[in-house]
Amino acid sequence: MSAISLSDAFERSDRMVGRRVADEYILVPIVGHGAELDGIYNLSRVGAFIWELLDGRLRGDEVVDAVVAHFEVDRQTAAADYAAFLAKLVAIRAVSAPGR
């Protein structure tokens, strides 16, 4: 996939599950060879907030608006951080655009 567009909606992959453990939020792969133990990812508060919004219906610009409303960040920074975060999630196959 090329650059992340704010007009795209993304959904969480069936191959990854997110869980809150104490004060941490982690992503754990649930399929693969050897359970991919090196593939456990720790999310920041903002990352966890975004992860929970990725339902395949909300477009990126709507997620960015929610981040701006919930955290102290300007829209330009939130949009850049969202795109970088989503690119990482796409790279590890934790999310996909619906229909792809």
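The values are calculated or read from the model by the stated rules, or taken from the named source; none is laboratory data. Bear in mind the structure is a predicted one, so any value in this text is a computation, not a measurement. Please note that ligands, DNA and RNA were not included when accessible areas were found on the heavy atoms of the full protein model with its side chains. Shrake-Rupley method; radii C 1.70, N 1.55, O 1.52, S 1.80 Å.
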Check your understanding: Accessible area per residue of the chain at 1.4 Å probe, in Å²?
Key -> 62
Check your understanding: Which helices count as membrane-span-like in the chain under these terms: full DSSP H, at least 20 Å along the axis by C-alpha, Kyte-Doolittle mean of 0.5 or more?
Key -> 75-91
Practice item. Could you grab the relative contact order for the chain? Cα pairs under 8 Å, six or more apart, rounded to a whole percent. Key: 38
Check your understanding: Which values, in whole Å and largest first, are the semi-axes of the equivalent ellipsoid of the chain obtained as the square root of 5 times each eigenvalue of the Cα gyration tensor?
Key -> 22, 16, 11
